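Asker: Can you keep this structure in mind? I'll have questions shortly.
The values are calculated or read from the model by the stated rules, or taken from the named source; none is laboratory data. For clarity, every value in this text was computed on a predicted model and none was experimentally measured. Heads up, the Cβs are rebuilt from the backbone with ideal geometry, glycines too, and the neighbour counts pull from every protein chain shown. What goes into the accessible areas is simple: the full protein's heavy atoms, side chains included, and nothing from ligands, DNA or RNA. Shrake-Rupley method; radii C 1.70, N 1.55, O 1.52, S 1.80 Å.
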Amino acid sequence: MYAQMVDTGANKVRGLEEMSAQERAFQERIDAGIKIEPKDWMPEAYRKTLIRQISQHAHSEIVGMLPEGNWISRAPSLKRKAILLAKVQDEAGHGLYLYSAAETLGVSRDQLVDELHAGRAKYSSIFNYPTLTWADIGTIGWLVDGAAIMNQIPLCRCSFGPYSRAMIRVCKEESFHQRQGYDLLISLCRDGTAEQKAMAQDALNRWWWPALMMFGPSDAESVHSAQSQAWRIKIFSNDELRQRFVDQTVPQAEYLGLTIPDPDLKWNAERGHYDFGAIDWDEFYNVLKGNGPCNRERLRARRQAWEDGAWVRDAAIAHAEKRAARTAQAA
Amino acid sequence: MKKEWPLWEVFIRSQHGLAHKHVGSTHAPDAEMAIKNARDVYTRRNEGVSIWVVKSADVVASSPGDKEALFEPAQDKIYRHPTFFPVPEEVKHM
Ligand SMILES: [Fe+2]
Ligand SMILES: [Fe+2]
């Protein structure tokens with residue numbers, strides 16, 4: 001997902017009876033569905049895990065602007081260009097909502113950005129793949145934003161107030177992202193030429209497996225996942241969300257007349273779900289390690305944008321200080 | 001030079017005549033830019049017709065520890081709600 005394999009620092013999930021009184025009261029509030037707010041007492045591990053998770057999520061929104069931004073100047077019509085521009089601008093907004101949510105936990109945005117640029121903070125594996133054709137833009141909206149929605153809707157109910165409020169804002173905007181992508185693919189696949197449909201099929205072939213990897217490896221056995229679920233900062237397991245995504249997406253692919261690149265994909269009437277083939281987790285870990293097709297390029301682009309903007313940030317502060325000093329003098 | 005832009009809390013009044021409501025925060029070097037940034041970040045879909053920004057450092061908040069002292073006195077005063085008073089069935093509207 002936009003935050004993958006978040007470390008909670010836990011080596012086992014402790015029961016209520018093993019906790020201090022303060023910690024127990026905290027856990028009981030979470031169990032009762034009461035939101036935790038920034039000034040409330042919280043275990044240090046909860047705070048740290050949330051900073052990690054929310055900042056990873058924020059970084060993903062920001063880095064995620066790069067693959068799509070790549071096509072803004074080459075969109076095939078003014079209408080599509082305006083839509084893509086609005087979509088990418090929304091992603092910037094998502095990043096900002098999330099950085100603000102993280103800041104309520106006592107870190108600064110600059111600190112978080114530094115962590116990203118130093119290569120110490122992660123962002124979603126999915127954004128390390130290239131956008132080779134215009135059909136990739138439709139496919140990202142359909143699959144990547146579609147997968148993000150699966151994960152973000154439950155997070156609207158998460159235990160940390162600022163994170164949950166940020167997710168509510170994000171979810172309101174996200175469905176436009178998915179629909180514009182699908183709409184783009186409808187025009188290629190149902191109203192377009194054979195070449196355009198082939199281009200869409202090629203995009204699906206490249207994005208399908210990375211989209212399934214976004215949910216992360218099975219975490220049925222993971223202590224971090226169990227701890228995150230106990231804290232209600234993760235609501236469903238990776239496998240549950242991935243299954244839902246597959247079930248939802250297959251009929252959408254059928255409507256487009258596209259073939260999902262998985263020979264093992266088959267409806268299982270007994271389970272009431274689609275079965276699907278094995279995921280190449282070596283590829284996923286390799287991308288996480290920094291060796292995906294675009295990891296270096298993405299980080300380079302972010303660093304460069306930050307450095308190129310430094311004089312603007314500094315000038316704006318200098319100007320504000322000068323004006324404040326002038327007003328103080330006049331008073 | 002490396003100095004982070006200060007944080008501002010953003011309040012928006014929607015078209016429907018309700019009060020300004022807190023929607024989130026934004027970084028900006030000064031008040032003017034804070035309004036511009038808040039416009040870009042929080043009103044891309046007609047969410048509002050008016051924006052307030054307040055430096056986060058200037059917000060004074062009650063502390064969670066004072067919750068009981070501040071809010072408990074209201075809890076047992078149920079007669080402050082109209083539903084406390086039964087309305088005779090013969091009296092249809094009140
Ligand atoms: Fe987003
Ligand atoms: Fe999105």
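Asker: Going by a ≥ b ≥ c, the root eigenvalues of the Cα gyration tensor, does chain B fall in the rounded group (a/c under 1.5), the prolate group (a/b larger than b/c) or the oblate group?
Answerer: Working: a/c = 5.63, a/b = 1.86, b/c = 3.03.
Oblate.
Asker: Of the options B:35, B:16, B:59, report the single residue whose Cα projects farthest towards the positive end of the charge dipole of chain B (beta-carbon charges: Lys, Arg +1; Asp, Glu -1).
Answerer: So the residue we want is B:35.
Asker: Per the 1.4 Å probe, what fraction of the accessible area of chain A, in percent, lies on carbon and sulfur atoms?
Answerer: Values: 8120 of 15040 Å².
Exposed carbon and sulfur together represent 54 percent of the surface.
Asker: Cα centroids of segment A:167-192 and segment A:211-257: how far apart, whole angstrom?
Answerer: 20
Asker: Note down, for chain A, the three equivalent ellipsoid semi-axes (square root of 5 times each alpha carbon gyration tensor eigenvalue), biggest first, whole angstrom. Intermediate results must be reported in sequence, preceding the final value.
Answerer: Details: eigenvalues 233, 175, 57 Å².
In descending order the semi-axes read 34, 30, 17 Å.
Asker: Could you do me a favour and compute the accessible area per residue for segment B:7-84, 1.4 Å probe, result in Å²?
Answerer: 68
Asker: While we're looking at this one, here's another question. Based on DSSP H runs of at least 4 residues, each adding -39500 (n - 2.57), what is the mean residue ellipticity at 222 nm of chain B after dividing by all its residues, to the nearest 500 deg cm²/dmol? Intermediate results must be reported in sequence, preceding the final value.
Answerer: Numbers: 2 runs with 17 residues, N = 94.
Mean residue ellipticity at 222 nm (helix-derived): -5000 deg cm²/dmol.
Asker: Please calculate the 1.4 Å probe accessible area of residue A:280, with all protein chains present, and give it to the nearest 10 Å².
Answerer: Surface accessible to solvent at residue A:280 totals approximately 80 Å².
Asker: Using only the alpha-carbon atoms, how far is helix B:31-42 inclined from the longest principal axis of chain B? Give it as 0 to 90 degrees, nearest 10.
Answerer: Taking Cα atoms only, the helix is inclined about 70 degrees.
Asker: Heavy-atom accessible surface, probe 1.4 Å, ligands and DNA/RNA ignored: which residues of segment A:99-113 lose at least 20 Å² versus the isolated chain?
Answerer: Buried by 20 Å² or more upon assembly, which counts only protein chains, are A:100, A:103, A:109, A:110.
Asker: Under the rule of -39500 (n - 2.57) per DSSP H run of 4 or more residues, summed and divided by the residues of chain A, what mean residue ellipticity at 222 nm is obtained, to the nearest 500 deg cm²/dmol? It would help to have the intermediate numbers written out before the result.
Answerer: On the way: 14 runs with 204 residues, N = 331.
Value at 222 nm, helices only, nearest 500: -20000 deg cm²/dmol.
Asker: Can you find, among A:203, A:30, A:107, the residue farthest towards the positive end of the dipole of chain A? Put +1 on the C-beta of Lys and Arg, -1 on that of Asp and Glu.
Answerer: Value computed over the given set: A:107.
Asker: With heavy atoms of protein chains only and a 1.4 Å probe, what residues of segment B:19-33 have at least 10 Å² less accessible area in the full set of chains than alone?
Answerer: Hits at the 10 Å² cut-off: B:23, B:25, B:27, B:29, B:30, B:32.
Asker: Tell me, which longest segment in chain A has none of the GluC sites (Glu not before Pro) that fall in DSSP loops with at most 16 further Cβ atoms within 10 Å?
Answerer: Details: sites that count: A:221, A:270.
Between the exposed loop sites, the longest stretch runs A:1-220.
Asker: So, one more: Given a 1.4 Å probe and no ligands, DNA or RNA in the count, how much accessible surface is buried by B and A, both sides, to the nearest 100 Å²? Spell out each step's value before the answer.
Answerer: Working: alone 8230 and 16080 Å², together 22150 Å².
The summed interface area works out to 2200 Å².
Asker: Quick one: check the C-alpha center-to-center distance for segment B:67-94 versus segment A:87-153, whole angstrom.
Answerer: Taking the Cα centre of segment A:87-153 as reference, the centre of segment B:67-94 is 47 Å away.
Asker: Here's something else I'd like to know. With +1 on each Lys and Arg Cβ and -1 on each Asp and Glu Cβ, and nothing else charged, work out how big the dipole of segment A:16-292 is about its Cα centre, in Debye to the nearest 20. Mind dumping the intermediate values first?
Answerer: Numbers: 30 positive and 37 negative charges, 173 e Å.
The dipole of segment A:16-292 has a size of about 840 debye.
Asker: Another question, then. Report the charge-dipole magnitude of segment A:183-331 in Debye, nearest 20, computed about the Cα centre from +1 at each Lys and Arg Cβ and -1 at each Asp and Glu Cβ.
Answerer: Once rounded to the nearest 20, the dipole reads 1060 debye.
Asker: List for segment B:44-58: residues with 50 Å² or greater reduction in accessible area, all protein chains versus chain alone, probe 1.4 Å?
Answerer: Going by heavy-atom accessible area, the residues of segment B:44-58 that drop by at least 50 Å² are B:44, B:45.
Asker: Pairs of alpha-carbon atoms within less than 8 angstrom and 6+ residues apart define the contacts here; what relative contact order does chain A have, in percent? List each step's numbers first, then the result.
Answerer: Details: 391 pairs, mean separation 70.5, N = 331.
So the answer I get is 21 percent.
Asker: I would also like to ask the following. Just B:63, B:50, B:14 to compare: in a GNM of chain B, with alpha carbon springs under 10 Å, which one fluctuates most?
Answerer: B:63
Asker: What aspartates and glutamates could a cross-link reach from residue A:12, if we take a straight Cα to Cα line under 13 Å and drop same-chain neighbours fewer than 8 places away?
Answerer: Within the straight-line cut-off, residue A:12 pairs with A:221.
Asker: Put A:80, B:80, A:232 in order of accessible area, largest first, 1.4 Å probe: what do you get?
Answerer: Numbers: A:80 30, B:80 165, A:232 80 Å².
Ranking A:80, B:80, A:232 by accessible area, largest first, yields B:80, A:232, A:80.
Asker: About its Cα centre, how strong a charge dipole does segment B:7-84 have in debye, to the nearest 20, once Lys and Arg get +1 and Asp and Glu get -1 at the Cβ?
Answerer: Details: 10 positive and 10 negative charges, 79 e Å.
So the dipole magnitude of segment B:7-84 works out to roughly 380 debye.
Asker: Do any of A:122/A:197; A:81/B:36; A:39/B:77; A:48/B:36; B:3/B:36 go past 26 Å between their Cα atoms, and which? Present the calculation step by step, with values, prior to reporting the outcome.
Answerer: Working: A:122/A:197 34 Å; A:81/B:36 24 Å; A:39/B:77 28 Å; A:48/B:36 32 Å; B:3/B:36 20 Å.
Table pairs above 26 Å Cα-Cα are A:122/A:197; A:39/B:77; A:48/B:36.
Asker: Protein chains only, probe 1.4 Å: how do A:144, B:54 rank by accessible area, largest first? Please report the intermediate quantities before stating the final value.
Answerer: On the way: A:144 0, B:54 50 Å².
Reading off the accessible areas and sorting them downward yields B:54, A:144.
Asker: How much area per residue is accessible in segment A:16-292 when the probe is 1.4 Å and only protein heavy atoms are counted (Å²)? Intermediate values should be presented prior to the final figure.
Answerer: Values: 11430 Å² over 277 residues.
So segment A:16-292 comes to 41 Å² accessible per residue, rounded to a whole number.
Asker: Apply the membrane-span-like helix rule to chain A: whole DSSP H runs, Cα extent along the own long axis of at least 24 Å, mean Kyte-Doolittle hydropathy at least -1.0. List the helices found. Before the final figure, lay out each step's value.
Answerer: Working: long enough: A:44-63 (28 Å, -0.59); A:78-103 (38 Å, -0.03); A:161-189 (42 Å, -0.32); A:194-213 (29 Å, -0.49); A:238-256 (27 Å, -1.05); A:310-330 (30 Å, -0.37).
Passing helices, by number: A:44-63, A:78-103, A:161-189, A:194-213, A:310-330.
Asker: Using +1 at the C-beta of Lys and Arg and -1 at the C-beta of Asp and Glu, which of A:148, A:69, A:263 has the Cα lying farthest in the positive direction of the dipole of segment A:16-292?
Answerer: Result: A:69, furthest along the dipole toward the positive end.
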